[in-house]
Amino acid sequence: MFRRSLRTLGLSAAMALASGCTHAPVTTTSKFLSEPLVTHLYTADPAAHAFAGRLYVYPSHDIDAGVTDRTDGNHYAMRDYHILSMGAVGGPVKDHGVALKIEDVPWAGRQLWAPDAAHANGRYYLFFPARDKADVFRIGVATSDSPAGPFTPEASPLEGAFSIDPAVYGDDDGAFYLYFGGLAGGQLQRWPGNTYTPAAPVPQGEEPEAAPRVARLRPDLLGLAEPAREIQLLDPAGKILVGGDEARRFFESCWMHKHAGTYYFTYSTGTTHLICYATGHSPYGPFTYRGVLLKPVQGWTTHQSVVRFKGKWYLFYHDSQLSGKSNLRNVKVTELHHLPDGTIEAIDPFLTP
Ligand code: FUB
């Protein structure tokens, strides 16, 4: 299916709260920088990759499942994935249909949240989070011969991976790394020392933040090659970011890209609705906070991927332009610019009047 209109519901206030947090969503009457890539279904959390000369986008598929309980993000009740692709940014966008559905994942109970994909060994891999039957977020993997799916899931989730928002990064030497983690409803705070601790609270004040994780993947990409390591996110003075630093600490939405030999770890601050970036010299970090990459979008959540395609860099992101509701989102794209000093030009998702 190509671009076709579902309906545009206007810019009503986005009222939903994500992840059990209480900070208000962002509302606007301004004009948007970019338009939704598709309007016939709600999409979010776009993970973009250049595969076989096309740009593939692996998003969440938002639905109105009638879930009114917003505790811990319960209203993000997604049940399947649709993969999108395009030959050129700004050109027609193809919806390849259902690539994986929750009924096909033996271990999953509910909530197919933000996925990512990789290409290796002549196959395509879809990494995805879901709550298991005990309501604990795990990360699974599924494989396909095609970047567009359909994908066949493994019988069990990845051992040693947990929480949400998997992002896979293939380095120049052929090694693949899995980044993951998401605070609050994403349950990252429940895994101190990589051990499930249901009562562990979200770090506050001067307590060190709950660190996102990274692990090298096995060559077959169907498991972790090592225990997950905590990623150190440092302020410019070299101090680990603390839980109370809500404008800089990690909340969710891991992504890794490399530019001019530097590793860029980008992420969402959740409650303050920013996409930030931090840089380092190794895929494991540490990463030093450098600034804001994307200012707050309309809605509560914000989520990004950064990809190079046909010589240009792009930021894929989402907002709630189509619905005005925080849990019914739409994916977008805009060009991204690395500056000569290694910083990235901050993107405002609204046009200045
Ligand atoms: O789509 C559900 C969750 O919302 C994602 O996992 C987070 O990154 C946030 O975008």
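The values are calculated or read from the model by the stated rules, or taken from the named source; none is laboratory data. What you see is a predicted model; the values in this text were computed from it and never measured. Cβ atoms come from the backbone with ideal geometry, glycine included; neighbour counts cover every protein chain shown.
Miscellaneous remarks
Yes/no matrix, rows are residues, columns are (1) within 19 Å of the chain's Cα centre (by Cα); (2) within 20 Å of Gly270 (Cβ to Cβ); (3) not in a loop (DSSP other than H, G, I, E, B):
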{"residue": "Gly193", "(1), (2), (3)": "no, no, yes"}
{"residue": "Tyr196", "(1), (2), (3)": "no, no, no"}
{"residue": "Pro203", "(1), (2), (3)": "no, yes, no"}
{"residue": "Glu206", "(1), (2), (3)": "no, yes, no"}
{"residue": "Ala210", "(1), (2), (3)": "yes, yes, no"}
{"residue": "Val214", "(1), (2), (3)": "yes, yes, yes"}
{"residue": "Leu222", "(1), (2), (3)": "no, no, no"}
{"residue": "Glu226", "(1), (2), (3)": "no, no, no"}
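- Extreme residue, farthest from the ligand (Cβ to nearest atom), among residues of segment 113-126 that are of a type in the set (A, V, I, L, M, F, W, C), crowded, with 21+ Cβ neighbours inside 10 Å and over 11 Å from the mean Cα position of the chain (by Cα): Ala118
Here is a yes/no grid of residues against (1) free of Cβ contacts under 8 Å to residues at least 12 places away in the same chain; (2) touching a Leu at 6+ places or on another chain (Cβ under 8 Å); (3) of a type outside the set (Phe, Trp, Tyr):
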residue	(1), (2), (3)
Leu112	no, yes, yes
Leu126	no, yes, yes
Ala148	no, no, yes
Asp171	no, no, yes
Gly186	no, no, yes
Ala200	yes, no, yes
Ala215	no, yes, yes
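- Test for Tyr263: is it hydroxyl-bearing (Ser, Thr, Tyr), part of a strand (DSSP E or B) and surrounded by fewer than 24 Cβ atoms within 10 Å (Cβ to Cβ): yes
- Filtering segment 38-55 to residues that are more than 16 Å from the ligand (Cβ to nearest atom), crowded, with 19+ Cβ neighbours inside 10 Å and farther than 21 Å from Tyr267 by Cβ leaves Val38, Leu55.
- Applying the condition of being under 29 Å from Val307 (Cα atoms) and within 11 Å of the ligand (Cβ to nearest atom) to segment 64-80 and asking which residue is surrounded by the fewest Cβ atoms within 10 Å (Cβ to Cβ) yields Ala77.
- Of the residues making up segment 112-146, those that are among the small types (Gly, Ala, Ser) and in contact with a strand residue (DSSP E or B) (Cβ under 9 Å, 6 or more places away or on another chain) are Ala114, Ala117, Ala118, Ala120, Ala130, Ala134, Gly140, Ala142, Ser144, Ser146.
- Looking across Phe2, Phe32, one residue alone is at pLDDT below 75, touching an Asp or Glu at 6+ places or on another chain (Cβ under 9 Å) and away from the ligand (no atom under 14 Å from the Cβ). It is Phe2.
- Selection of first residues in segment 326-353 that are within 19 Å of Gln298 (Cα to Cα) and of second residues that are among the small types (Gly, Ala, Ser) and part of a strand (DSSP E or B), restricted to Cβ pairs under 7 Å at least 6 apart or on distinct chains, gives the following pairs, ordered by first then second residue: Ser326/Gly299; Arg329/Ala44; Arg329/Gly299; Val331/Ala44; Ala346/Gly291.
- Breaking point among (1) closer than 29 Å to His82 by Cα; (2) crowded, with 17+ Cβ neighbours inside 10 Å; (3) away from the ligand (no atom under 16 Å from the Cβ), for Gln232: (1)
- Search result, residues across segment 314-353 that are in a loop (DSSP other than H, G, I, E, B) and of a type in the set (D, E, K, R): Lys325, Arg329, Asp341, Glu345, Asp348
- Residues satisfying the stated conditions in segment 257-276, i.e. within 16 Å of the ligand (Cβ to nearest atom), closer than 21 Å to Trp313 by Cβ and not aliphatic (A, V, I, L, M): Phe265, Thr266, Tyr267, Ser268, Cys276
- Index of the failed condition, Tyr169 passing every other in (1) within 18 Å of the chain's Cα centre (by Cα); (2) within 16 Å of the ligand (Cβ to nearest atom): (2)
- The set of residues in segment 283-313 that are more than 16 Å from the ligand (Cβ to nearest atom) and in a strand (DSSP E or B) comprises Phe287, Thr288, Tyr289, Arg290, Gly291, Val292, Val307, Arg308, Phe309, Lys312, Trp313.
- Condition met for Ser253 (touching a His at 6+ places or on another chain (Cβ under 8 Å) and either part of a strand (DSSP E or B) or farther than 25 Å from Gly299 by Cα (or both)): yes
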